[in-house]
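So the structure is just underneath, and the comments pick up after that.
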Amino acid sequence: MINYFTAIPFSIPIRRYRYYLVSNVAYNFALLVHGSWMILFGVIGIKPLFFFNIFSVLFYILCIAINRSLAANENCPRSR
């Protein structure tokens, strides 16, 4: 599990690794928090916040996917 957060993709130069690591941890933490809120709001019946957090969770999943795909993309300006 620790390799999920600390493994350096081959296309990321060391000088860009800090950004990748911080954003990866932040997006996963935000996904966990918003997922927890979504469950909480669903249980206590606050529907507007429940639906808002569905979109938040989907947004953070998209952010994680983009962060990883850009890290794997050799033509990305960040990875040069």
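The values are calculated or read from the model by the stated rules, or taken from the named source; none is laboratory data. A quick note: this is a predicted structure, and the numbers were derived from the prediction, not measured. Quick reminder, even Gly has a Cβ in these numbers, built from the backbone with ideal geometry, and neighbours come from all protein chains shown.
The table that follows gives values for the structure above.
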read-out	value
Residue within the range 56-65 that is over 9 Å from the mean Cα position of the chain (by Cα) and more than 24 Å from N3 (Cα to Cα) present	yes
In the range 1-59, the residues that are at pLDDT 95 or above and not in a helix (DSSP H, G or I)	G45, I46
The listed residue being hydroxyl-bearing (S, T, Y), surrounded by 14 or more Cβ atoms within 10 Å (Cβ to Cβ) and under 8 Å from the mean Cα position of the chain (by Cα), out of Y27, Y17	Y27
